[in-house]
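See structure below.
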Amino acid sequence: MGNVAKLEFGDKRVELPVIVGSEQETGLDISKLRALTGAITLDDGYVNTGSTTSAICFLDGEQGILRYRGYPIEVLAKHCSFVEVSYLLIYGELPNQAQAQDFAHNLRRHTMLHEDMRLFYNGFPRDAHPMAILSSVVGALSTFYQDSLDPHDPEQVAISIYRLMAKLPTIAALAYKKSVGQPFVYPRNELTYCENFLQMMFAVPSELYTLDADMAQALNLLLIVHGDHEQNCSTSTVRMVGSSDANLFASISAGICALWGPLHGGANQACVEMLEAIKASGGDVKAYINKVKDKTSNIRLMGFGHRVYKNYDPRATIIKASCDQLLKKRHINDPIFEIAQELEAAALSDPYFIERKLYPNVDFYSGVIYRAMGLPVSMFTVMFAIGRLPGWIAHWKEMMESPGKKICRPRQIYTGPVERPFLPMKDRK
Ligand code: ACO
């Protein structure tokens with residue numbers, strides 16, 4: 001393979017530089033294509049389009065590999081805390097002891113919300129979806145921290161990162177407390193990131209709250225496996241919004257909205273709802289698989305299939321093992337887990353799924369663990385957002401620090417009417 005690709009278009013011959021990444025992924029650099037030929041590329045859903053070079057996350061969908069900054073996800077999930085992994089994603093290296101302590105200290109010092117922010121929660125309806133609350137309150141951080149909005153000032157960016165990482169669990173837990181009508185519980189800074197989140201969610205002022213180490217460990221693992229996934233829909237949204245030099249809070253708020261959709265982060269909620277519906281209708285897994293295969297039904301097997309993984313999602317393997325372990329240890333007999341396992345076995349032996357390379361993705365089992373923790377389904381996507389936050393921040397920061405940064409502005413092939421005469425109202429049919 002040469003270091004240029006040759007393209008013939010009409011009477012033009014163009015040489016496109018070939019860009020090879022550190023894992024030998026290959027891209028054709030078309031940045032001069034329009035200038036040289038007058039043509040653009042068209043790629044619905046960006047299936048063949050690399051929007052950037054990036055040093056944060058590597059994934060190989062065919063082989064089921066996922067690495068953050070070069071470290072396999074399995075190794076990080078086994079040995080690290082979510083805070084350590086967040087540091088790795090955001091700053092590029094695993095922290096040494098002093099850096100880890102400093103980072104954890106900075107996150108602990110920023111967990112509280114401004115008291116006026118709590119008033120926002122009074123304005124939302126009781127049944128508001130927590131993802132809507134999350135994106136609104138994160139966007140509103142930019143009104144409270146106007147001292148740190150310059151995306152090109154490293155000190156302001158550093159403080160915004162601490163604030164956002166520290167406050168997102170508090171914002172999320174308050175959204176939950178609002179939905180169940182319980183008093184808000186303040187953060188406790190002597191606890192770890194995951195323990196603190198669990199106590200803000202489940203403690204009540206009238207009782208002593210006992211932390212559950214198994215649940216905190218399972219949460220730590222879930223957050224790590226959600227940490228980053230290169231240029232997915234929400235991360236691309238964060239980069240797209242940030243490319244206009246929008247501040248970190250505004251960019252992440254947009255990413256939260258993108259994550260909400262059922263084809264992306266909303267799939268964990270949709271997956272558990274699907275499992276519950278199968279259980280409610282008698283647990284007939286085969287009948288459900290047949291419905292999914294029937295193209296007229298427009299039903300998908302939620303938690304299955306992935307734009308990039310055409311093999312078992314490595315995150316699903318980690319989560320399934322953790323789910324199995326947690327349910328056994330706590331003697332939780334969840335029929336939903338059994339249905340999920342039956343569904344997985346039936347799909348993996350069915351030619352429809354085999355031919356299309358459809359395997360369980362990260363969302364297939366995560367909901368079962370969240371249920372075991374006592375989280376309502378509406379909070380599942382919020383958990384995904386807390387896990388994905390360091391990845392979003394890392395991509396936003398990488399883009400801001402890139403010397404070649406440009407505003408993202410795709411083009412289009414226009415297919416609407418050509419110029420036509422204006423008709424006054426009286427002449428229109
Ligand atoms: N159930 C049934 N059929 C499916 C599924 C599914 N979950 N996923 C894909 N297919 C089929 C499609 O119908 C299509 O079939 P066809 O070739 O006969 O038309 C073929 O597989 C290819 O599907 P596409 O939609 O082209 O694949 P794409 O890469 O665009 O979609 C996606 C990926 C959106 C994740 C899809 O697999 C899906 O909808 N899955 C269910 C939702 C889900 O679990 N999302 C979470 C993704 S992971 C994440 O965001 C963290």
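Conditions first: (1) outside any loop (DSSP other than H, G, I, E, B); (2) more than 15 Å from the ligand (Cβ to nearest atom). Residue 318 passes all but one, so which condition is the exception?
(2)
So which pairs qualify, if the first residue must be in the range 121-132 and closer than 10 Å to residue 382 by Cβ, the second must be among the charged types (D, E, K, R), the Cβ gap must be under 9 Å, and the two must be at least 6 apart or on different chains?
If the second residue must be among the charged types (D, E, K, R), the pairs left are 130/178.
Quick check on my filter: what residues within the range 97-116 are surrounded by fewer than 18 Cβ atoms within 10 Å (Cβ to Cβ) and of a type in the set (Val, Ile, Thr)?
none
Checking the structure you have, find out if any residue of the range 266-276 is among the polar types (S, T, N, Q) and crowded, with 24+ Cβ neighbours inside 10 Å.
Yes: one or more hits.
Across the range 267-314, what is the total count of residues that are within 9 Å of the ligand (Cβ to nearest atom), in a helix (DSSP H, G or I), modelled with pLDDT under 90 and not small (Gly, Ala, Ser)?
Counting residues in the range 267-314 that are within 9 Å of the ligand (Cβ to nearest atom), in a helix (DSSP H, G or I), modelled with pLDDT under 90 and not small (Gly, Ala, Ser) gives 1.
Quickly run through the range 204-222 and pick out the residues that are out of contact with any Leu (no Cβ under 9 Å at 6 or more places or on another chain) and among the aliphatic types (A, V, I, L, M).
Step one: filter the range 204-222 for residues out of contact with any Leu (no Cβ under 9 Å at 6 or more places or on another chain), giving 204-208, 210, 213, 220-222.
Those that are out of contact with any Leu (no Cβ under 9 Å at 6 or more places or on another chain) and among the aliphatic types (A, V, I, L, M): 204, 208, 213, 221, 222.
Scan the range 228-240 and tell me whether some residue there is at pLDDT below 95 and of a type in the set (A, V, I, L, M).
no
The conditions are (1) surrounded by fewer than 22 Cβ atoms within 10 Å (Cβ to Cβ); (2) closer than 27 Å to residue 377 by Cα; (3) in contact with a Phe, Trp or Tyr (Cβ under 6 Å, 6 or more places away or on another chain), and residue 142 fails exactly one of them. Which is it?
(2)
Of all residues in the range 307-347, which are under 23 Å from the mean Cα position of the chain (by Cα) and more than 22 Å from residue 358 (Cβ to Cβ)?
322
Which helices (runs of 4 or more DSSP H) sit wholly inside the range 334-389 and have at least 2 residues that are more than 10 Å from the ligand (Cβ to nearest atom) and without any contact (Cβ under 8 Å) to a residue 40 or more places away in the chain?
Working: elements: 335-348, 351-355, 363-373.
Helices (runs of 4 or more DSSP H) meeting the threshold: 335-348, 351-355.
If we keep just the residues of the range 24-72 that are within 16 Å of the ligand (Cβ to nearest atom) and in a loop (DSSP other than H, G, I, E, B), which is surrounded by the most Cβ atoms within 10 Å (Cβ to Cβ)?
64
Specify which of the listed residues (94, 76, 119, 88) is surrounded by fewer than 19 Cβ atoms within 10 Å (Cβ to Cβ), of a type in the set (A, V, I, L, M, F, W, C), out of contact with any Gly (no Cβ under 6 Å at 6 or more places or on another chain) and in a helix (DSSP H, G or I). Talk me through it step by step, then tell me what you get.
Working: 94 fails: in a helix (DSSP H, G or I); 76 fails: surrounded by fewer than 19 Cβ atoms within 10 Å (Cβ to Cβ); 88 fails: surrounded by fewer than 19 Cβ atoms within 10 Å (Cβ to Cβ).
After ruling out the rest, the residue left standing is 119.
Inside the range 293-316, can you point out the residues that are of a type in the set (Val, Ile, Thr) and in contact (Cβ under 8 Å) with a residue 60 or more places away in the chain? Working first, answer last.
First, pick out the residues of the range 293-316 that are of a type in the set (Val, Ile, Thr): 296, 299, 308.
Correct list: 308 only.
Residues are listed down the side, and each one gets a yes or a no for (1) assigned to a helix (DSSP H, G or I); (2) more than 13 Å from the ligand (Cβ to nearest atom):
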position	(1), (2)
224	yes, yes
229	no, no
235	yes, no
238	yes, yes
245	no, yes
256	yes, yes
263	no, no
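Please verify whether residue 62 is at pLDDT below 95 and more than 21 Å from the chain's Cα centre (by Cα), treating the condition exactly as stated.
On the way: at pLDDT below 95: yes; more than 21 Å from the chain's Cα centre (by Cα): no.
So residue 62 fails the test.
The values are calculated or read from the model by the stated rules, or taken from the named source; none is laboratory data. The model shown is predicted, which means the values in this text are computed figures rather than measured ones. In this analysis, Cβ positions are derived from the backbone assuming ideal geometry, glycine residues included, and neighbour counts consider all displayed protein chains.
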